[in-house]
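To keep things clear, I will list the structure first and then write my remarks on it.
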Amino acid sequence: MYGIESADLLSSRNIARAFGLNLKEIVIPNDVDTIYRDVKRIIPHCEHIKKTIIQWKHPWLYIYPETEGRTVVTGMSGDDLY
């Protein structure tokens, strides 16, 4: 299902608007067939196959190709950096 507007997404929009930042929203597909295909693509690149590692890597299949700058701030460890 696409178009889920999570609390994190709504907060990101508000923060970007408040600080005059550009926000690029990237949809991470969540249908079972796509996730299955993505997991099969990720596993060969994992030194240790753990559920949490696969969960962390999955969104990057979609985020990385869309990045243009040198810094990407996400909810994944973003709090630790900023």
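The values are calculated or read from the model by the stated rules, or taken from the named source; none is laboratory data. Remember, predicted model here, so these are calculated numbers, not experimental data. Note that each Cβ is placed from the backbone with ideal geometry, even for glycine, and that neighbours are counted across all protein chains shown. Protein only, heavy atoms only, side chains kept; ligands, DNA and RNA dropped before computing areas. Shrake-Rupley method; radii C 1.70, N 1.55, O 1.52, S 1.80 Å.
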If we keep just the residues of region 1-13 that are closer than 23 Å to residue 68 by Cα and among the polar types (S, T, N, Q), which is surrounded by the most Cβ atoms within 10 Å (Cβ to Cβ)?
12
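Kindly indicate the residue of region 14-53 that is without any contact (Cβ under 8 Å) to a residue 12 or more places away in the chain and within 17 Å of residue 63 (Cα to Cα) and also least open to solvent (accessible area, probe 1.4 Å) among those meeting that condition.
Taking region 14-53 as the starting set, the residues that turn out to be without any contact (Cβ under 8 Å) to a residue 12 or more places away in the chain are 14-23, 32-34, 36-37, 40, 43-44, 46-53.
Next cut, within 17 Å of residue 63 (Cα to Cα) only: 22-23, 34, 37, 53.
Details: 22: 160, 23: 80, 34: 17, 37: 139, 53: 66 Å².
If we take residues in region 14-53 being without any contact (Cβ under 8 Å) to a residue 12 or more places away in the chain and within 17 Å of residue 63 (Cα to Cα), then 34 is least open to solvent (accessible area, probe 1.4 Å).
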Within region 47-69, work out how many residues are part of a helix (DSSP H, G or I), closer than 24 Å to residue 22 by Cα and of a type in the set (Ser, Thr, Tyr).
2
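Identify all residues within region 1-32 that are assigned to a loop (DSSP other than H, G, I, E, B) and among the aliphatic types (A, V, I, L, M); write none if there are none. Don't jump to the end; show me each part of the working.
Here is the first cut: in region 1-32, the residues assigned to a loop (DSSP other than H, G, I, E, B) are 1-6, 20-31.
Selection gives 1, 4, 21, 23, 26, 27, 28.
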